[in-house]
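The values are calculated or read from the model by the stated rules, or taken from the named source; none is laboratory data. Just so you know, these numbers come straight off a predicted model, no measurement behind them. Counting neighbours? That spans all protein chains shown, and the Cβs are built from the backbone with ideal geometry, glycine included.
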Amino acid sequence: MKDYSRFQHMLVEKKDQLAILTLNRPEVRNAFNGDLAREMDEAFEAVAQDEEVNAIVLTGAGTVFSSGGDITAMGAGSTRPITAPLSLPMARRHIDTVLSVEQPIIAALNGDAIGMGATVALFCDIVLASEKTRIGDPHVRMGLVAGDGAAAIWPLLVGLSKAKEMLLTGNLISAQEAERLGLVNRVLPQQEVMPAAMELARRLAQGPTKAIRWTKLCLNKRLREEINLILDASLALEGLSAATEDHREAVRAFLEKRAPQFKGR
């Protein structure tokens, strides 16, 4: 049996033929820093190779799925932006890792999925959301390009026009609106999200696993084409935008709890 106890920022629990992966930084609303991003990749890679796992549930600790990038850490200088130019291979790895997992992945959104949190959730195979969940990608509000995969996945799910509206404004939408647009599969009361995700994952785990995995492989061919077309350029541009004065002003404004004053540079 594989040992998953080494992870600090990810919880990995095995139950029957399922693996439950939990983003585990509740004190900062499961915000992504370098450590959480790295451990998420390693956890997915480990369970993908675990012959005892036939389906995966991904959720967040506490009351949110993930609030996105750790802005406080960026401001404190304790971590580089995940998509800084020198870390492009690492940044691309997050998406490549999720797409490479053969087992079906159910995202159980117990609360807000924002920025990178939304991107990770939307690259899962099926998304269940609590009725209190908000979804959006406010990269531009932080003076950043939506480069971590959002520019690839949002147009596929909601169409190009709506994706432009969402990504250029950075607006957050309700779970109900997300379901109407096709971003999530089902909206449920808060207390029903994990039981429903587990039930669905169990059904898939006990089904014809080769047929399910190979069907997922076929469907993900479309996603891989989009990733190959868009991701490298969008990550590079996000890295460049991380060096702008607008981004630095957005971080300062966030920490000082005021509206940013952008100057377009």
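Couple of notes before you dig in:
- Residue within segment 107-117 that is of a type outside the set (Gly, Ala, Ser), surrounded by fewer than 17 Cβ atoms within 10 Å (Cβ to Cβ) and at negative phi present: no
- Scope segment 1-15; condition closer than 12 Å to Val47 by Cα, modelled with pLDDT of 95 or more and either among the aromatic types (Phe, Trp, Tyr) or surrounded by 21 or more Cβ atoms within 10 Å (Cβ to Cβ) (or both); matching residues: Val12
- Residues satisfying the stated conditions in segment 115-134, i.e. among the hydrophobic types (A, V, I, L, M, F, W, C) and either touching an Asp or Glu at 6+ places or on another chain (Cβ under 7 Å) or farther than 23 Å from Leu237 by Cα (or both): Met116, Ala118, Cys124, Ile126, Val127, Leu128, Ala129
- Checking segment 245-261 against the condition returns no match, with no residue being touching a His at 6+ places or on another chain (Cβ under 7 Å), of a type outside the set (A, V, I, L, M, F, W, C) and either surrounded by 13 or more Cβ atoms within 10 Å (Cβ to Cβ) or not in a helix (DSSP H, G or I) (or both).
- Screening the candidates Ala91, Ala163 for the property of being at pLDDT below 95, of a type in the set (Gly, Ala, Ser) and in contact with a helix residue (DSSP H, G or I) (Cβ under 8 Å, 6 or more places away or on another chain) yields one hit, Ala91.
- Within segment 16-62, being more than 19 Å from Lys216 (Cβ to Cβ), surrounded by fewer than 16 Cβ atoms within 10 Å (Cβ to Cβ) and in contact with a helix residue (DSSP H, G or I) (Cβ under 8 Å, 6 or more places away or on another chain) holds for one residue alone: Asp16.
- Apart from one condition, Thr209 fits all of (1) touching a residue at least 12 places away in the same chain (Cβ under 8 Å); (2) surrounded by 13 or more Cβ atoms within 10 Å (Cβ to Cβ); (3) within 24 Å of Ala150 (Cα to Cα); the exception is (3).
- When Asn33, Asn24, Asn54 are screened for being over 15 Å from Asp112 (Cβ atoms) and modelled with pLDDT under 95, only Asn33 passes.
- Where strands (runs of 3 or more DSSP E) sit wholly within segment 1-77, those with at least 1 residues that are in contact with a strand residue (DSSP E or B) (Cβ under 9 Å, 6 or more places away or on another chain) and charged (D, E, K, R) occupy 10-15.
- Matching residues, segment 168-182, being among the polar types (S, T, N, Q) and closer than 16 Å to Ala151 by Cα: Thr169, Asn171
- Out of Val184, Val251, one residue alone is in contact with a helix residue (DSSP H, G or I) (Cβ under 9 Å, 6 or more places away or on another chain) and more than 16 Å from Cys124 (Cβ to Cβ). It is Val251.
- Single match in Ala43, Ala73 (criterion: modelled with pLDDT under 95 and hydrophobic (A, V, I, L, M, F, W, C)): Ala73
- Residues located in segment 131-151, provided they are in contact (Cβ under 8 Å) with a residue 60 or more places away in the chain, outside any helix (DSSP H, G or I) and not charged (D, E, K, R): Thr133, Pro138, Gly143, Leu144, Val145, Ala146, Gly147, Gly149
- Test: residue in segment 175-187 that is outside any strand (DSSP E or B), in contact with a strand residue (DSSP E or B) (Cβ under 6 Å, 6 or more places away or on another chain), polar (S, T, N, Q) and surrounded by 14 or more Cβ atoms within 10 Å (Cβ to Cβ): yes
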